[in-house]
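Asker: Okay, handing you the structure first.
The values are calculated or read from the model by the stated rules, or taken from the named source; none is laboratory data. This structure is a prediction, so every number in the text was calculated from the model and none was measured. For neighbour counting, all protein chains shown are included, and Cβ atoms are generated from backbone atoms with ideal geometry for every residue, glycine included. Note: areas computed on protein heavy atoms with side chains; ligands, DNA, RNA excluded. Shrake-Rupley method; radii C 1.70, N 1.55, O 1.52, S 1.80 Å.
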Amino acid sequence: MNFIQTRGCDKNRAKSVTFSEAILSPIASFGGLYVPENLPKLGEEFLSKHLDSSYKELAFDMLSRFEIDIEPSVIKEALNLYDEFDTPSNPVPVVKVKENLFVSELYHGPTRAFKDMALQPFGVVLSSIAQKRNENYLILAATSGDTGPAALETFKNRANVQVACLYPDGGTSDVQRLQMVTEDAKNLKVIGINGVFDDAQNALKKLLASSQFKSALKEKNILLSAANSVNFGRIIFQIIYHIHSYLELVRQDGIRMGEKVYLNVPSGNFGNALGAYYAWKMGLFVEKIIISSNENNVLTKLIKTGKYDLRDCKVVSTTSPAMDILRSSNVERILYDMFGFERTKELMQNLEADDFYELNSDELTKLRECFDADFCNGEEGKKYIKEMFYNYNYLLDPHTATCLKSYETCSNPEIKTIAYSTAEWTKFSPVIANALTGEVDAEDIVALESISKEAKLEIPSMIKELFSKKIAQSTIIEKEDIEKEILKFL
Ligand SMILES: *Cc1c(COP(=O)(O)O)cnc(C)c1O
């Protein structure tokens with residue numbers, strides 16, 4: 001299958017490209033994105049066939065329906081990384097937490113957040129394409145805390161790939177920072193910058209667009225790519241777990257095959273929610289996708305009013321920092337799917353020029369047939385963390401907690417909900433400790449211990465070890481010096 005472009009095609013690019021090409025250079029004509037030409041139809045027969053399959057068997061069959069230009073042996077090798085998750089037989093456990101509410105846990109990989117679901121296999125795929133083409137790639141990543149560790153973990157010691165990872169010094173949790181600065185491999189460079197996440201993200205965008213930087217890399221025989229969430233190489237792995245979670249509910253007698261469910265997704269850049277949308281279009285039985293966000297509630301406003309409005313809008317720091325995003329990149333792929341490339345180009349250009357676009361009423365109706373949304377502030381989130389723990393003995397992280405609000409305000413209680421848990425409690429422990437015991441401003445190590453005691457949960461070894469591991473990466477610089485620092489590393 002080939003990939004086409006959300007804003008149509010300029011004259012400089014091919015009308016359609018292969019999967020490999022779409023993931024090596026993810027930015028399409030007019031600043032758009034690549035999307036599959038059409039989606040494979042799976043239907044009930046496919047679902048029934050996989051009722052007894054393992055996660056990997058389901059994943060392999062689903063991926064093969066996309067007919068991408070990656071050899072089956074490479075896909076198998078990529079999927080084998082799910083064997084390193086907590087329970088190899090089922091990397092994504094789905095837990096019933098109360099009547100009609102199930103939580104699909106996406107955080108059982110090496111870095112304890114859902115980014116591993118896609119980045120783990122993506123690392124194998126990208127490195128294998130680079131080797132096959134006999135090319136070397138620099139992968140740039142900018143992180144507010146979860147993408148960085150997951151990208152470093154997946155590309156560590158992989159052939160033909162080097163990674164430069166930018167993070168805001170002081171802008172991540174201790175655990176997230178340690179996950180990055182203790183990564184010791186020749187092909188990895190971690191750079192802290194004096195600034196906030198937006199500075200790191202802007203620096204990355206500038207480098208990706210800079211012809212001067214690209215020619216400096218070319219002299220070293222290196223090409224440039226990015227591991228951000230618009231890359232379809234990540235999205236494709238994010239369709240699988242939605243199908244898997246549905247099948248888990250059928251297996252647990254939570255639903256009968258064919259029954260519709262809500263998929264409730266804590267969202268920032270909309271990659272996870274887009275995976276849910278594609279799974280639905282491919283034939284999964286979905287009532288609606290519920291989008292959960294925090295105080296940065298642009299997505300809720302879009303879905304409620306049809307207006308994407310960033311005028312006078314500033315990112316605020318919240319207790320769910322992985323969702324502190326205003327320009328939610330993957331919404332563009334939904335626009336394309338619903339309204340076509342001409343309209344998508346027009347809307348996205350409005351957003352870029354005026355920080356604003358508005359859907360017409362037919363378009364809004366169409367969007368609302370698929371999505372509903374609500375946002376949850378930090379105080380409400382802590383209340384849900386406390387309530388769910390003391391009443392239902394289930395520990396939520398602050399991102400997952402945002403789902404509880406929209407579960408209450410957007411769902412018909414007769415219909416079952418699968419809410420997605422995107423991070424383990426260990427990654428955001430100070431907020432959770434505060435919610436459970438009232439302790440304020442604890443350092444991660446203190447908060448981890450107190451939650452562990454209160455909730456009678458072991459701190460997983462990969463988190464515990466971080467605090468005594470050698471610091472391998474200690475570069476902290478001004479944002480003006482990023483380019484120089486990266487070239488020095490290469
Ligand atoms: C990345 C992330 C999200 C947001 O996911 P998107 O696909 O960008 O919408 C939510 N929660 C956590 C913990 C994350 O790391």
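Asker: What Kirkwood hydrodynamic radius, in Å, does the stretch 1-108 give when the mean of 1/r is taken over all pairs of distinct Cα atoms and then inverted? Please list the in-between numbers first.
Answerer: On the way: mean 1/r = 0.0606 Å⁻¹.
Kirkwood hydrodynamic radius for the stretch 1-108: 16.5 Å.
Asker: So for the chain, averaging the separation of alpha carbon pairs under 8 Å that are six or more residues apart and normalising by length, what relative contact order in percent results? Provide the component values of the computation, followed by the final result.
Answerer: Values: 933 pairs, mean separation 89.5, N = 490.
Value for the chain: 18 percent.
Asker: If you count, for each residue, the other Cβ atoms within 10 Å and average over each peptide, how do 476-482, 80-86 line up from highest to lowest?
Answerer: Values: 476-482: 15.0, 80-86: 17.3.
Taking the mean over residues of other Cβ atoms within 10 Å, the ranking is 80-86, 476-482.
Asker: How large, in Å, is the stretch 206-263 by the Kirkwood hydrodynamic radius built from its alpha-carbon pairs? Before the final figure, lay out each step's value.
Answerer: On the way: mean 1/r = 0.0663 Å⁻¹.
The answer is 15.1 Å.
Asker: Sticking with this structure for a sec: Which value, in debye to the nearest 20, describes the size of the charge dipole of the stretch 356-470 about its Cα centre when Lys and Arg Cβ atoms bear +1, Asp and Glu Cβ atoms bear -1, and nothing else is charged?
Answerer: Details: 13 positive and 21 negative charges, 94 e Å.
Here the size comes out at about 460 debye.
Asker: With every atom except the alpha carbons ignored, what do you get for Rg and Dmax of the stretch 216-299, in angstroms?
Answerer: Cα only, the stretch 216-299: 17.2, 59 Å (Rg, Dmax).
Asker: Residues of the stretch 302-372: accessible area per residue at 1.4 Å, in Å²?
Answerer: Working: 3480 Å² over 71 residues.
Value returned for the stretch 302-372: 49 Å² of accessible area per residue.
Asker: Then there is this: If you split all Cα-Cα distances of the stretch 258-407 into 10 Å bins from zero, what percentages do you get per bin, shortest first?
Answerer: 11, 40, 34, 13, 2, 0
Asker: Shifting gears a bit: Based on alpha-carbon centroids, what's the gap between the stretch 198-252 and the stretch 309-325 in Å, whole number please?
Answerer: Each part's Cα centre sits 21 Å from the other's.
Asker: On the accessible surface of the stretch 249-348, probed at 1.4 Å, how many percent belong to carbon and sulfur atoms?
Answerer: Numbers: 1590 of 3510 Å².
Result for the stretch 249-348: 45 percent of the exposed heavy-atom area is carbon or sulfur.
Asker: Another question, if that's okay. So what is log10(I(q)/I(0)) for the stretch 304-372 at q = 0.11 1/Å, when the Debye sum runs over its Cα atoms only?
Answerer: Values, matching the q order: -0.29.
Asker: Measure off, as a whole percent, the carbon and sulfur share of the 1.4 Å-probe accessible area of the stretch 1-115, all protein chains present.
Answerer: On the way: 2470 of 4960 Å².
In the stretch 1-115, the share of accessible area belonging to carbon and sulfur is 50 percent.
Asker: While we're on this one: Find the all-direction average of the projected area of the Cα convex hull for the stretch 288-337, expressing the result in square nanometres with one decimal place.
Answerer: On the way: hull surface 15.8 nm².
Projected area, direction-averaged: 3.9 nm².
Asker: Using a 1.4 angstrom probe, figure out how much accessible area the stretch 42-190 has per residue, in square angstrom, rounded to the nearest whole.
Answerer: Values: 5170 Å² over 149 residues.
I get 35 Å² per residue for the stretch 42-190.
Asker: Hey, another quick one. To the nearest 20 debye, what is the magnitude of the charge dipole of the chain about its Cα centre, counting +1 on the Cβ of each Lys and Arg and -1 on the Cβ of each Asp and Glu? Each step should come with its number before you reach the end.
Answerer: On the way: 56 positive and 69 negative charges, 209 e Å.
Dipole about the Cα centre, nearest 20: 1000 debye.
Asker: Can you sort 425, 280 by 1.4 Å-probe accessible area, starting with the largest?
Answerer: Numbers: 425 20, 280 55 Å².
Per-residue accessible area, sorted high to low, gives 280, 425.
Asker: If you don't mind, there's one more thing I want to ask. Over the Cα atoms of the stretch 90-131, Rg to Rh with Kirkwood Rh, two decimal places? Please list the in-between numbers first.
Answerer: Values: Rg = 14.3 Å, Rh = 11.9 Å.
A ratio of 1.20.
Asker: When the accessible area of the stretch 361-420 is split by element with a 1.4 Å probe, what percent falls to carbon and sulfur?
Answerer: That fraction is 46 percent.
Asker: Within the P(r) computed for the stretch 162-265, what percentage of the Cα pairs occupies the region above 21 Å?
Answerer: On the way: 3123 of 5356 pairs.
So the portion of pairs separated by more than 21 Å is 58 percent.
Asker: Here is a follow-up. Find the relative contact order for the stretch 353-490 and round it to a whole percent, using C-alpha pairs within less than 8 Å whose residues are 6+ positions apart. Numbers along the way, then the final one.
Answerer: Numbers: 99 pairs, mean separation 23.1, N = 138.
Relative contact order for the stretch 353-490 comes out at 17 percent.
Asker: If you don't mind, there's one more thing I want to ask. Quick one: how many lysine pairs does the stretch 215-306 have with C-alpha atoms less than 18 Å apart and a gap of 8 or more or different chains? Give me the count, please. Before the final figure, lay out the partial values.
Answerer: On the way: 260/281; 260/288; 288/301; 288/304.
Lysine pairs meeting both conditions in the stretch 215-306 amount to 4.
Asker: Sticking with this structure for a sec: How big is the dipole moment of the stretch 64-186 about its Cα centre under a simple scheme where the beta carbon of each Lys and Arg is +1, that of each Asp and Glu is -1, and everything else is neutral? Debye, nearest 20, please.
Answerer: On the way: 12 positive and 17 negative charges, 26 e Å.
Magnitude of the dipole: close to 120 debye.
Asker: Rounded to the nearest 5, what is the percent of antiparallel bridges among the DSSP beta bridges in the chain? Can you show the working numbers first?
Answerer: On the way: 13 of 51 bridges.
Antiparallel bridges: around 25 percent, rounded to the nearest 5.
Asker: Putting +1 on Lys and Arg Cβ atoms and -1 on Asp and Glu Cβ atoms, find which of 292, 357, 341 reaches farthest to the positive end of the dipole of the stretch 268-372.
Answerer: 292
Asker: Over 31 Å apart: what share of the alpha carbon pairs of the chain falls there, rounded to a whole percent?
Answerer: Values: 48799 of 119805 pairs.
Summing the P(r) of the chain above 31 Å gives 41 percent of all pairs.
Asker: With every protein chain present, what is the per residue accessible area of the stretch 418-490 (1.4 Å probe, Å²)?
Answerer: Values: 3790 Å² over 73 residues.
Accessible surface, normalised per residue, equals 52 Å².
Asker: Related question: Starting at the first residue of the stretch 451-458, write each ³J(HN,Hα) from the Karplus equation 6.51 cos²θ - 1.76 cosθ + 1.60 with θ = phi - 60°, in whole Hz, x for Gly and Pro.
Answerer: Going residue by residue, I get 5, 4, 6, 5, 9, 6, 10, 6 Hz, with x marking Gly and Pro.
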